[in-house]
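The values are calculated or read from the model by the stated rules, or taken from the named source; none is laboratory data. These figures come from a predicted structure and were not determined experimentally. Positions of Cβ are backbone-derived with ideal geometry, glycine not excepted, and every protein chain shown enters the neighbour counts.
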């Protein structure tokens, strides 16, 4: 949260909420990204996708995750219409950083 504070100073409340939710979902998003890669490799290698699909479905069924993802989906149109030029740039930066932390 301390890393977010300096970057979020000039952002709208919707953008700050979007970034906060993304940070909360980061571990789940990383695991889903890892599972997608594993499923692609398993498909190429002719292995069963079932264990990975099962875990992916478990992640999607988690009520907390589902609630946060639903809120992100509701915030997305608000963010896209934002007149603050810093909103999209800050969100993009946060998502890039999260992507590389997953690697």
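The table below lists the values:
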read-out: Count of the range 38-70 residues which are exposed (fewer than 14 other Cβ atoms within 10 Å of the Cβ) and under 30 Å from residue 15 (Cβ atoms); value: 8
read-out: Top-ranked residue in the range 80-103 [being outside any loop (DSSP other than H, G, I, E, B) and more than 15 Å from the chain's Cα centre (by Cα); ranked as farthest from residue 20 (Cα to Cα)]; value: 85
read-out: Single residue of 55, 47 found to be over 18 Å from residue 96 (Cα atoms), assigned to a helix (DSSP H, G or I) and modelled with pLDDT of 90 or more; value: 55
